[in-house]
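Taken together, the values in this text are just the output of simple stated rules run on the coordinates, not laboratory data. Just so it is clear, the structure is predicted and the values come from calculations on it, not from any experiment. Cβ: placed from backbone, ideal geometry, glycine included. Neighbour counts: every protein chain shown.
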Amino acid sequence: MNGSNGANAKDEVAAAAARMVVEEGMEYGPAKRRAARQLGSRSGRGTELPANDQVEDEVRAYLAIFCADTQPAELAALRGVAVVWMDRLAEFRPHLTGAVWRGTATRLNNVHIELYCDDSKAAELALIDRRVDYEVGSLPGPRGELIDVLSVAHTCAELGERVTVHLSVLDHDDLRGGLKPDAGGRTWRGDLAALRRAMEAS
C-alpha cells in the first residue's frame, strides 16, 4: 500500500467511525476498530487506524451537516447534568472530559467526569453517604493500572430520559499531566469553572 492509499483508507475509517459515534453513541476506540474491520473486509486489506483528533474533526463535520438543529440543545442538557455532579462532588476536584467537554456530544453520549482524590475510596464513600445508587467498573488509568469507575444514573428533564454519569477515580497527582492541550490548542478536560465558561460562550 502506498502512502496516498494509506491516507485515503485512514480518511475513510475516520468518516465511518464518526458516523458510528454520532448515530450510535459509540466511543472513538470501538468505532474506529469496527469501521476498520468493515472497510477492511470490503477492500480485502488491513487498515491503519486514524488518530482520535481526526475522528473528532469528522464528528464535528457530521454534526454540522446532519444534527445542527438538535445537537446544541442536547449538548447543553448533558453539560447541565455534568454541572450538577461536579458541584456535588466538588471536594474531589472534578474535571469533565469526553464528548460532553469537547462539545461534540448528543443525547446518546454518557457524561464522563474524572475525580482526583487523595484517597481512592473517598468518592465512593461520599456517594454512599448521599445514598446514591451506583455501579462499580474499571478502566485502564493514565499509568496503565486499573482505576475504579463509579457509574450513576441521572434523570435529565431536558432530554426526558436518564443519563449515565461515569465518575473515574484518579490519584490527585494525575491531574498535573492531564491539562495539556491537543494540537489544536483545545484541552481534553476542564474543571467546573471552565465548563461554565464554555456554556456561556456557546
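Collect residues whose amide H, placed 1.01 Å from N in the peptide plane, falls under 5 Å from the amide H of ASP148; neighbours closer than 5 in sequence don't count.
VAL169
Sort ILE65, ILE147, ILE113, ILE128 by Cβ crowding within 10 Å, fewest neighbours at the top.
Least to most surrounded, the residues fall as ILE65, ILE128, ILE147, ILE113.
Among the GluC sites (Glu not before Pro) in the stretch 97-202, which ones are in a DSSP loop with at most 14 other Cβ atoms within 10 Å of the Cβ? Mind listing them?
Answer by residue number: GLU145, GLU158.
For the chain, build the charge dipole from Cβ charges (+1 Lys, Arg; -1 Asp, Glu) around the Cα centre, then report which of THR70, LEU175, ASN8 sits farthest towards its positive end.
Value computed over the given set: ASN8.
Please report the antiparallel percentage of the DSSP beta bridges confined to the chain, to the nearest 5.
Counting only bridges with both partners in the chain, antiparallel ones make up about 75 percent.
Which far-off residues, 5 or more places away or on another chain, put their amide H under 5 Å from the one on SER120, with H placed in the peptide plane?
Amide H neighbours of SER120: none.
Determine ³J(HN,Hα), in whole Hz, for all residues of the stretch 101-116 in sequence, where each value follows from phi through the Karplus function 6.51 cos²θ - 1.76 cosθ + 1.60 and θ = phi - 60°; x replaces Gly and Pro.
In residue order, the calculated couplings are 6, 6, x, 10, 6, 10, 4, 7, 8, 8, 9, 10, 10, 9, 10, 9 Hz.
Consider a paramagnetic label point 7 Å from the Cα of ARG143 along Cα→Cβ; state which residues of the stretch 164-184 have an amide N under 19 Å from it.
Within reach of a label on ARG143: 168-180.
Subtracting the Cα-Cα distance from 0.36 nm times the residue separation, let me have the gained length for ARG131 to HIS172 in nm, one decimal.
Gain on stretching ARG131 to HIS172: 12.3 nm.
Any idea how far apart ASP87 and GLU200 come out in nm if each label point goes 7 Å out from Cα toward Cβ?
Placing both labels 7 Å beyond Cα along the Cβ direction yields 1.5 nm.
Can you list which of the DSSP-assigned H helices in the chain have a Cα extent of 30 Å or more along the long axis and an average Kyte-Doolittle score of at least -0.5?
Membrane-span-like by this criterion, though nothing is claimed about a membrane: 3-24.
Go through the stretch 20-89 and name the GluC sites (Glu not before Pro) that are in a DSSP coil and have 13 or fewer other Cβ atoms within 10 Å of their Cβ.
Here the GluC sites (Glu not before Pro) that fit, given the DSSP loop and packing criteria, are GLU48.
To the nearest 500 deg cm²/dmol, what mean residue ellipticity at 222 nm is calculated for the chain from DSSP H runs of n ≥ 4 alone, each contributing -39,500 (n - 2.57), summed and divided by the residues?
My calculation for the chain gives -15000 deg cm²/dmol from helical runs alone.
Rounded, prolate or oblate: pick one for the stretch 47-161, where a ≥ b ≥ c are the square roots of the eigenvalues of its C-alpha gyration tensor, a/c under 1.5 means rounded, and failing that, prolate if a/b is larger than b/c, else oblate.
Verdict is oblate for the stretch 47-161.
About the Cα centre, and with charges only on the beta carbon of Lys, Arg (+1) and Asp, Glu (-1), how big is the dipole of the chain? Nearest 20 debye, please.
In total the dipole reaches around 500 debye.
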